[in-house]
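Notes follow once the structure below has been shown.
The values are calculated or read from the model by the stated rules, or taken from the named source; none is laboratory data. Please read all numbers here as calculations on a predicted model, not as lab measurements. With ideal geometry, Cβ positions are generated from the backbone for all residues, glycine too; neighbour counts draw on all protein chains shown. Only protein heavy atoms, including side chains, enter the accessible area calculation; ligands, DNA and RNA are left aside. Shrake-Rupley method; radii C 1.70, N 1.55, O 1.52, S 1.80 Å.
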Amino acid sequence: MEQRHLGRTGLRVSRIGLGTLTWGRDTDEHDAADMLKAFWEAGGSLVDTADVYGDGEAEYLLGQLIDGLVPRRDLVISTKAGSVPDPDRRFDGSRGHLLAALDASLARLGTDYVDIWHVHAFDPDTPLEETLQALDLAVSSGRARYAGVSNFCGWQLAKAATWQLAAPGTRTRLASTQLEYSLLQRGVEREVLPAALDLGVGLLPSSPLGRGVLTAKYRHTTPADSRGASEHLAPFVAPYLDDTATRIVDAVQTAADGLAVTPLQVALAWVRDRPGVAAPIVGARNAQQLTAALSVEALNLPDEICRALDDVSAPVHRYPDHDWSTL
């Protein structure tokens, strides 16, 4: 698998990442082991998790598989901290919480360090410089090799990245930002992606298949074994089952038919090769699904297909995002 630099850093990651959102909950240890081995054998290196996935079980399960199945040195492990199960405060970006969460993650993972540590979301109740200092301390102490943020909007990312760049050698530059990005969700193109490109921050798209909808599995019905039929994940899929999504999925299916490939491959290749993207994070339930996603490595979409997909999925971005003189 092709390797790419993560943002403006020396770290290289596989251009498809393996997500673990369902590990320890919907994905058991056997399926997780099969997926990790298949991913590694295909040349994959970037494995993404978080301290809240499966209430910590995803990290624990990954930790059980490291070394015994796949050498630790061959993986680029990314985890996140900051989300908390508190209805009154969904995110805690305080230095104390973040560093304690990192130590707990390392214990579950059974490793001395993570390759990339992300703040899971922006915390409006904590000064940003305090949150970012936790990243500096994590890197300077060796507990994390690189740092990033997740789910930051454009101004939040720009402020954080600029703050870190203001004191080179003292603060850790942001290597990456992780947000949802797909043909069904192109909101990052409004402000986040321009900021990331300008500031040298690599984009790690989550849900690159539109929460599974871009595989075209929901075109005519909801499969019984799909996330859309799952009690706890159905609300996650539902927003992408509207008329707009149907039109985009139909276009993806048409492109797939013309190229003799699958809708999954078309949708994943599109987001993988967008400007600023380092590696889409693919979450699969089993090795069969993952292998289908990894087969995209050999596919490069023709320019005319990309333009057609761009047009059918184009978000409405007007003033002030476009040059005012063209409005």
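Scanning the range 4-48 for residues being open to solvent by less than 30 Å² (accessible area, probe 1.4 Å), of a type in the set (A, V, I, L, M) and closer than 15 Å to ARG272 by Cβ gives a total of 5.
Checking LEU199, LEU183, LEU203 one by one, the residue that is open to solvent by less than 20 Å² (accessible area, probe 1.4 Å), among the aliphatic types (A, V, I, L, M) and in contact with a Lys or Arg (Cβ under 9 Å, 6 or more places away or on another chain) is LEU203 and no other. Selection of first residues in the range 70-85 that are open to solvent by 10 Å² or more (accessible area, probe 1.4 Å) and of second residues that are β-branched (Val, Ile, Thr), restricted to Cβ pairs under 9 Å at least 6 apart or on distinct chains, gives the following pairs, ordered by first then second residue: ARG72/ILE66; ARG72/THR111; VAL76/VAL13; VAL76/VAL47; VAL76/ILE116; SER83/VAL52; VAL84/VAL52; PRO85/VAL52.
Taking the criterion of being of a type in the set (D, E, K, R), part of a loop (DSSP other than H, G, I, E, B) and touching a residue at least 24 places away in the same chain (Cβ under 8 Å), would at least one residue in the range 2-14 satisfy it? Yes, because at least one residue in the range 2-14 is of a type in the set (D, E, K, R), part of a loop (DSSP other than H, G, I, E, B) and touching a residue at least 24 places away in the same chain (Cβ under 8 Å).
Scanning the range 99-141 for residues that are more than 18 Å from GLN164 (Cβ to Cβ), among the small types (Gly, Ala, Ser) and in a loop (DSSP other than H, G, I, E, B) yields a count of 1. Taking residues in the range 41-58 that are assigned to a loop (DSSP other than H, G, I, E, B), and partners anywhere that are of a type in the set (Lys, Arg) and surrounded by 24 or more Cβ atoms within 10 Å (Cβ to Cβ), the pairs with Cβ atoms closer than 6 Å and at least 6 places apart or on different chains are ALA50/LYS80.
Yes/no per residue for (1) of a type outside the set (A, V, I, L, M, F, W, C); (2) out of contact with any Lys or Arg (no Cβ under 6 Å at 6 or more places or on another chain):
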residue: GLY44; (1), (2): yes, yes
residue: GLU59; (1), (2): yes, no
residue: ALA81; (1), (2): no, yes
residue: PRO85; (1), (2): yes, yes
residue: GLY93; (1), (2): yes, yes
residue: ALA107; (1), (2): no, yes
residue: HIS118; (1), (2): yes, no
residue: ASP125; (1), (2): yes, yes
residue: LEU135; (1), (2): no, yes
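Residues that are under 22 Å from GLY17 (Cβ atoms), of a type outside the set (S, T, N, Q), at pLDDT 80 or above and open to solvent by 20 Å² or more (accessible area, probe 1.4 Å) within the range 213-232 comprise just one, LYS217.
Restricting the range 292-323 to residues that are open to solvent by 80 Å² or more (accessible area, probe 1.4 Å) and not in a helix (DSSP H, G or I) leaves a set whose member that is modelled with the highest pLDDT is ASN300.
Being open to solvent by 40 Å² or more (accessible area, probe 1.4 Å), in contact with a Leu (Cβ under 7 Å, 6 or more places away or on another chain) and more than 11 Å from GLY19 (Cβ to Cβ) is the filter here; which residues of the range 274-291 pass it? Quick ask: steps written out before the conclusion?
Quick first cut of the range 274-291, residues open to solvent by 40 Å² or more (accessible area, probe 1.4 Å) only: 274-275, 283, 285-286, 288-289, 291.
Now narrow it down to the ones that are in contact with a Leu (Cβ under 7 Å, 6 or more places away or on another chain): 275, 283.
Across the range 274-291, the qualifying residue is only PRO275.
Scanning the range 142-151 for residues that are open to solvent by less than 10 Å² (accessible area, probe 1.4 Å) and either within 15 Å of LEU165 (Cβ to Cβ) or in contact (Cβ under 8 Å) with a residue 60 or more places away in the chain (or both) gives ALA147, GLY148, VAL149, SER150. For the range 146-161, residues that are touching a helix residue (DSSP H, G or I) at 6+ places or on another chain (Cβ under 7 Å) and either of a type in the set (D, E, K, R) or part of a helix (DSSP H, G or I) (or both) total 6. There is at least one residue in the range 70-85 that is in contact with a Leu (Cβ under 8 Å, 6 or more places away or on another chain) and on the phi > 0 side of the Ramachandran plot.
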